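J.: There's a structure below that I have some questions on.
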Amino acid sequence: MNGKTLARPMRCIFCLNPDPPSGFSDEHVFPEAVGGTLVVRFVCKECNSRLGHSVDTTVTNHTLIGIARKALGIAGKSGSIPNPLERAVMEADSSHKVRFDFAKRSPESIYTIPFVQRTQTGPGRGNLSVRIDATDADQLGNIVNRALARAGAPPVSAQEIEELKKNVVRQEQPRLSIPVSLDLSQYRRGLMKIVYELACYWIGESYVDDPMAGLLRQFTFDESLPFDPSQRYPIRGTMRMSPKEPFMPFWPDERDHLIALMLNRGDLGIHVSVLGVLDACVAITDSPEKYAHCEQRFISIDPRTGLTRESTFEKEAGRICDLENGNESDEAG
């Protein structure tokens, strides 16, 4: 199965408007940029736009998600694959800028950004400093003269280029300094959005009237969310980055997937994992008895292929047992 769409409800699950002026639109529960295929239509266009600009980005732009997307080759809507560790400098010389591609795992993973500088030492005299990547060696003359032209300086002769080649200094096994910023709080809003939309998807529209649902909505849009959200929101659960333990030990081959399940074992909660680097486990109501009729649900999305598998948790547990016994089943509910 590749994706699933839920029919239009009676009102938007975020603003609760039964008749939004611009109507409803497709909303990806897991952001499309991380490979999400589950699409629902119970969010109005205005709320959908707000979610895309200020909530989904807390997940899609997170450094750990960017690293995972690069490693897995997951492109965004533009077709490009992010590389949050791309901009780096040499540890011994901060003016030596490079592009770093950790996914290549080869000498080509580090590329020196061309640098050309001419300094005057006297009338008609000067020094030329050039720094290029080894892969650009055959383009040395073009790189130097283009840079000089941009600076309004005269070009160098072919003879001068040959002299430059005689004074090459190679830097072997360089050490890099990579500036990295890491969001420690806001990503929780993106995870909470996923939890809330899954609750509405699996339980139904009636869930929006649950008092806890109101808290989840407020949490999702709270751009001033404190580092410790429990100071403001009495919501039971955990949200983690780079968890030491896997989301669930049952899916060792799917730790880099988008996974969610809803369990009702005395408490009703939704568990979410995004590419194995961000996860959440949230109790979605203080009155689980109201939803005793709800089946325990499961969904897994392969972000590279879009293959979506959805069923009851019991069927998924049975599939895992079949796998352990060597009998794989592709059944999905």
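What follows draws every value from the coordinates through simple rules; no lab data is involved. Owing to the predicted nature of the structure, the values given are computational and were not obtained by experimental measurement. Every residue, glycine among them, receives a Cβ derived from its backbone with ideal geometry; neighbour counts consider all protein chains shown.
J.: To test your reading of the geometry: what angle, between 0 and 90 degrees and rounded to tens, separates the Cα axis of helix 140-150 from the longest principal axis of the chain?
T.: 80 degrees
J.: How much of the DSSP bridge set in the chain is antiparallel, in percent, rounded to the nearest 5?
T.: Restricted to the chain, the bridges split so that about 95 percent are antiparallel.
J.: Turning to a different aspect of this structure: Which pairs, out of K45/K290; K290/K315; K104/K166; K77/K290; K45/K77, put more than 28 Å between their alpha-carbon atoms?
T.: Going by Cα-Cα distance, K45/K290; K104/K166; K77/K290 fall outside the 28 Å limit.
J.: With the Cα gyration tensor of region 261-333 giving a ≥ b ≥ c as the square roots of its eigenvalues, does the rule (a/c under 1.5 for rounded; else a/b larger than b/c for prolate; else oblate) give rounded, prolate or oblate?
T.: oblate
J.: Another question, then. Which residue fluctuates most in the GNM of the chain (Cα springs below 10 Å): S242, S206, S129?
T.: S129
J.: Sticking with this structure for a sec: If packing is taken as the mean number of other Cβ atoms within 10 Å per residue, what is the order of 38-49, 185-196, highest first?
T.: Most protected by this proxy first, the peptides run 185-196, 38-49.
J.: Considering the options A199, A158, L140, tell which one lies farthest towards the positive end of the dipole of the chain, charges being +1 on Lys and Arg and -1 on Asp and Glu at the Cβ, about the Cα centre.
T.: A158
J.: Connecting C-alpha atoms closer than 10 Å in a GNM of the chain, tell me which of G23, G141, G306 has the biggest fluctuation.
T.: G141
J.: Between H53 and R265, what FRET efficiency comes out of the Förster formula 1/(1 + (r/R0)^6) with R0 = 30 Å and r the beta carbon distance, rounded to 0.05?
T.: Given R0 = 30 Å and the Cβ-Cβ separation, E is 0.25.
J.: Quick one: angle between helix 45-54 and the longest Cα principal axis of the chain, in degrees between 0 and 90, rounded to 10, please.
T.: Roughly 50 degrees between the two axes.
J.: What list of ³J(HN,Hα) values in whole Hz, one per residue of region 166-182 in order, does the Karplus curve 6.51 cos²θ - 1.76 cosθ + 1.60 (θ = phi - 60°) give from phi, with Gly and Pro shown as x?
T.: So the J values, rounded to whole Hz, are 7, 10, 7, 10, 8, 10, 9, 6, x, 9, 9, 10, 10, x, 9, 10, 10.
J.: Using 1/(1 + (r/R0)^6) with R0 = 41 angstrom and r between the beta carbons of E162 and D228, what's the FRET efficiency to the nearest 0.05?
T.: After rounding, the FRET efficiency stands at 0.05.
J.: For the Cα atoms of the chain, what angle does the longest principal axis make with the long axis of helix 187-203, in degrees from 0 to 90, nearest 10?
T.: Orientation of helix 187-203: about 30 degrees from the principal axis.
J.: Next question. For the chain, what does the helix formula give at 222 nm: sum of -39500 (n - 2.57) over DSSP H segments with n ≥ 4, over the residue count, nearest 500 deg cm²/dmol?
T.: The per-residue figure over the chain is -7500 deg cm²/dmol.
J.: Go ahead and run the numbers for FRET between D322 and R170, Cβ-Cβ distance against an R0 of 56 Å, rounding to 0.05.
T.: The calculated FRET efficiency here is 0.50.
J.: Which of these, A134, A153, A317, has the largest mean-square fluctuation under a Gaussian network model of the chain (Cα springs below 10 Å)?
T.: Per the Cα network of the chain with a 10 Å cutoff, A153 tops the list.
J.: Would you mind ranking I143, I13 so that the residue whose beta carbon has the fewest other beta carbons within 10 Å leads the list?
T.: The order, fewest Cβ neighbours first, is I143, I13.
J.: Indicate the gyration tensor shape class of the chain (rounded, prolate or oblate), computed on the Cα atoms with a ≥ b ≥ c the square roots of the eigenvalues: a/c under 1.5 is rounded; otherwise a/b larger than b/c is prolate and the rest oblate.
T.: It comes out prolate by the Cα gyration axes.
J.: May I pose another question? Which distance in Å, rounded to a whole number, links the C-alpha centroids of region 152-196 and region 206-244?
T.: Their Cα centres are 37 Å away from one another.
J.: Would you mind calculating the gained length between K290 and T312 on full extension (0.36 nm times residue separation, minus the Cα-Cα distance), in nm to one decimal?
T.: Taking K290 through T312 to full extension adds about 6.0 nm, to one decimal.
J.: OK, next. Given the peptides 224-230, 297-303, arrange them by the average over their residues of other C-beta atoms within 10 Å, most packed first.
T.: 297-303, 224-230
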